[in-house]
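Take a look at the structure below.
The values are calculated or read from the model by the stated rules, or taken from the named source; none is laboratory data. Predicted model, so just to flag it, every value in this text is computed and none were measured. Here Cβ is always computed from backbone atoms with ideal geometry, including for glycine, and neighbour counts include all displayed protein chains. These area figures cover heavy atoms from the full protein model, side chains too; ligands, DNA and RNA do not enter into them. Shrake-Rupley method; radii C 1.70, N 1.55, O 1.52, S 1.80 Å.
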Amino acid sequence: MKCLTSYIRDHKYWFCLMLVLFLMLLCLFYVYQMNVEPLLYGYLLILFFFFVFIGSDFYKYVLGHQQRSSIREENIVSALSIEDMTLAGQDYHELLEKMDHARVEAIMENENQVKEMDYFTMWIHQVKLPIAGMQLLLEEEQLDRKSIQSQLTRINQYTDMVLAYLRMYSKQSDFLFRDVDLDDLVRQSIRYFSTDFIARKIHLDFQPTHQSVLTDEKWLVFVLEQILSNALKYTPINGEIRIFTNDSKQLVIEDNGIGISAGDLARVFEKGYTGFNGRKDKKATGLGLYLCKEICRKLEHTISIESKPNTYTRVLLGLDRRRFRHE
């Protein structure tokens, strides 16, 4: 009944036109004094074809209503069939498809923003740890400068990580390639964590590479610092970290820490993946190695990891890339 009422309301001009035609015929028969039988015959013939047309159109109207109802319930535009549509209906269908596509994109963008917020929320919790540690150190009567410096290094590292994460997806290019001395970059990264090396009594075995690489100094230093940070984090006190080049001219950063399980090794470069060690330690954000992988990809370098649990972890950087022009 609701569909019939809506159909009459939507097509009221047709019914008005039919009424006007009936009145015009009635006037013609009255003016020319024609018999009533032809008038009734004409009326019945017109009504027959009119109701056949109205019935067919009403059937399509009901089907269209059911299809639109399925769209509201299932949120899909593909439920509409455009085979029997009018030109206006096809235009509306195309408009609905565009709107549905825009809706899906908006949902995906919102989900991505929620994920980004999760990462930043995680980052905030991580950066609060060294801040709380510094507050405790400041309450002591004798300040431990090395411990405070270590906490400041962690804060600075977390800040660099989130800034690098934001710059990675900036539309503006932030890369400047030139030949740099690899040993200088390694030493710069080592000095950055010098306090941690001393505090944890980690033995460093650095064998100079005597290599010059074409790269972006700032971004490569960030990668080196992330790798050293992980090595220090998972290497026990009195452990050892070695830095050298292998036979393939790759820069190798190796530690004798807890290592990475075979199940985690294939996923360590995934965004947000922390693995067993990260979940156990509660200090991993799952962004460090992901950023290293993305940065190396943009720099046309390679990065890979080899590890044996409770024995060693070895990060290999392939830096021999000469495809760039100097700037």
- Note on the structure: Looking across the range 182-204 at residues that are of a type in the set (Lys, Arg) and closer than 24 Å to Thr245 by Cβ, the single one that is surrounded by the fewest Cβ atoms within 10 Å (Cβ to Cβ) is Arg191
- Query: Here are some conditions: (1) of a type in the set (Gly, Ala, Ser); (2) at pLDDT 80 or above; (3) within 30 Å of Lys271 (Cβ to Cβ). Gly55 meets all but one. Which one does it not meet?
  - Reply: (3)
- Task: Quick one: which strands (runs of 3 or more DSSP E) lie wholly within the range 195-274 and hold at least 1 residues that are over 17 Å from Ser304 (Cβ atoms) and within 32 Å of the chain's Cα centre (by Cα)?
- Result: 212-215
- Query: Would you pick out the residues in the range 221-241 that are in contact with an Asp or Glu (Cβ under 9 Å, 6 or more places away or on another chain), farther than 11 Å from Val315 by Cβ and of a type outside the set (Val, Ile, Thr)?
  - Reply: Phe222, Glu225, Ser229, Leu232, Lys233, Tyr234, Gly239, Glu240
- Query: Quick one: is Met34 surrounded by 11 or more Cβ atoms within 10 Å (Cβ to Cβ), hydrophobic (A, V, I, L, M, F, W, C) and in a loop (DSSP other than H, G, I, E, B)?
  - Reply: yes
- Message: Considering only the range 239-246, I want to know if a residue exists there that is closer than 22 Å to Ile295 by Cβ, touching a helix residue (DSSP H, G or I) at 6+ places or on another chain (Cβ under 6 Å) and surrounded by fewer than 16 Cβ atoms within 10 Å (Cβ to Cβ).
- Response: no
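Residues to consider are Phe49, Phe29; find the one that is assigned to a helix (DSSP H, G or I), within 29 Å of Ser6 (Cα to Cα) and of a type outside the set (Gly, Ala, Ser). Before you say what the answer is, go through the steps one by one.
Working: Phe29 fails: within 29 Å of Ser6 (Cα to Cα).
Phe49 is the lone residue from the list that is assigned to a helix (DSSP H, G or I), within 29 Å of Ser6 (Cα to Cα) and of a type outside the set (Gly, Ala, Ser).
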- Task: Report whether or not Leu80 is surrounded by 10 or more Cβ atoms within 10 Å (Cβ to Cβ), of a type outside the set (Val, Ile, Thr) and at pLDDT 70 or above.
- Result: no
- From (1) open to solvent by less than 40 Å² (accessible area, probe 1.4 Å); (2) more than 25 Å from Leu291 (Cα to Cα), pick out the condition that doesn't hold for Ile227. (2)
- Query: Would you say Leu291 is under 24 Å from Asp196 (Cβ atoms), modelled with pLDDT of 90 or more and among the hydrophobic types (A, V, I, L, M, F, W, C)?
  - Reply: no
